[in-house]
Amino acid sequence: DAKTTQPTSMDCAEGRAANLPCNHSTISGNEYVYWYRQIHSQGPQYIIHGLKNNETNEMASLIITEDRKSSTLILPHATLRDTAVYYCIVFHGQNFVFGPGTRLSVLP
Amino acid sequence: EADIYQTPRYLVIGTGKKITLECSQTMGHDKMYWYQQDPGMELHLIHYSYGVNSTEKGDLSSESTVSRIRTEHFPLTLESARPSHTSQYLCASSDLFDRSGGETQYFGPGTRLLVL
């Protein structure tokens, strides 16, 4: 079973920030938080990952709470091409377990 | 961008045929994976490999088999295709010694299989 909980779906206006939450209350100290997205059933695309600190790259920012029980993926300026299913995964040393994810719809 | 390739991208085949789905990566990654995904549903891991001559079964039972004779190549075979095998098959790879920590997986574009 997936060790994360995400909302089933979210909408975001084009040009605004999209904030996607993820709960992982049972995360252990050495487990990473990973985010992927899948557009139109293509292969999942890696976005970002982190352990304890907040992370930023050219695609997104990852904010992890101090107790590590939840995180937020931030797409700073959502475009229509960001419409996809977003998966939050916790991982250490085993294999990824994909849950149903959040279906993000970016609206014009 | 990840250098991982899958062929064919689409395959329509009759019941009882033997099929092999190809997956190759040029990143020198040790670990490779096969996932199965039905339309609108979650990805499920069906096979993985830690390296040459290593194959393991994933969380979802599958009638398919895999082999890993070369680091870059991880083909999946169905000896006798059935309509229940209709699905999308996604291949991925990761570096066991990922310097960023964790084990980032990079996915291929997938193969959509339809068995009539």
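Out of the range B:10-23, which residues are of a type outside the set (A, V, I, L, M, F, W, C) and within 14 Å of chain A (Cβ to nearest Cβ)?
B:TYR10
Go through the range A:80-108 and report how many residues are surrounded by 13 or more Cβ atoms within 10 Å (Cβ to Cβ) and either within 14 Å of chain B (Cβ to nearest Cβ) or assigned to a loop (DSSP other than H, G, I, E, B) (or both).
So the count comes out to 19.
For the range B:73-101, how many residues meet the condition of being at the interface with another protein chain (Cβ under 9 Å from one of its Cβ atoms), crowded, with 19+ Cβ neighbours inside 10 Å and not in a strand (DSSP E or B)?
Residues meeting the conditions: 0.
Need pairs with beta-carbon distance below 7 Å; first residue within 23 Å of B:MET41 (Cα to Cα) and within the range A:2-29, second loosely packed, with under 11 Cβ neighbours inside 10 Å; sequence gap 6+ or separate chains.
Cβ pairs passing all conditions: A:LYS3/A:THR26.
Just checking, does the range A:33-51 include any residue being within 24 Å of B:GLU42 (Cα to Cα) and either of a type in the set (D, E, K, R) or away from chain B (no Cβ under 14 Å) (or both)?
Pass one, the range A:33-51, residues within 24 Å of B:GLU42 (Cα to Cα): A:33-50.
Still in the running and either of a type in the set (D, E, K, R) or away from chain B (no Cβ under 14 Å) (or both): A:37.
Yes: one or more hits.
Tally the residues that are within 17 Å of A:SER41 (Cα to Cα) and of a type in the set (D, E, K, R), restricting the search to the range B:2-48.
3
For B:HIS47, are the conditions met, namely being closer than 15 Å to B:MET32 by Cα, surrounded by 12 or more Cβ atoms within 10 Å (Cβ to Cβ) and not polar (S, T, N, Q)?
Criteria met by B:HIS47.
Would you check which residues across the range B:16-35 are open to solvent by less than 80 Å² (accessible area, probe 1.4 Å), modelled with pLDDT of 95 or more and assigned to a loop (DSSP other than H, G, I, E, B) and list them?
Across the range B:16-35, the qualifying residue is only B:GLY16.
Among the numbered conditions (1) touching a His at 6+ places or on another chain (Cβ under 9 Å); (2) farther than 15 Å from A:THR4 by Cα; (3) open to solvent by less than 10 Å² (accessible area, probe 1.4 Å), tell me where A:GLU55 comes up short.
Exception for A:GLU55: condition (3).
Among the residues in the range B:34-55, are any within 11 Å of the chain's Cα centre (by Cα), away from every other protein chain (no Cβ under 14 Å) and over 22 Å from A:VAL97 (Cα atoms)?
no
Of all the residues that make up the range A:6-32, how many are more than 14 Å from chain B (Cβ to nearest Cβ), part of a strand (DSSP E or B) and open to solvent by less than 80 Å² (accessible area, probe 1.4 Å)?
Number satisfying all stated conditions: 8.
Among the residues of the range B:102-116, count how many are in contact (Cβ under 8 Å) with a residue 40 or more places away in the chain and either facing chain A (nearest Cβ under 8 Å) or within 12 Å of the chain's Cα centre (by Cα) (or both).
Total satisfying the criteria: 9.
Take the conditions away from chain A (no Cβ under 14 Å) and surrounded by fewer than 15 Cβ atoms within 10 Å (Cβ to Cβ) and apply them to B:VAL66. Does it pass?
When the stated conditions are applied, B:VAL66 does not pass them.
The values are calculated or read from the model by the stated rules, or taken from the named source; none is laboratory data. Just so it is clear, the model here is predicted, and its values are computed rather than measured. FYI the Cβ positions are ideal-geometry reconstructions off the backbone, even for glycines, and counts take in every protein chain you see. SASA here: full protein model, heavy atoms, side chains in, ligands and nucleic acids out. Shrake-Rupley method; radii C 1.70, N 1.55, O 1.52, S 1.80 Å.
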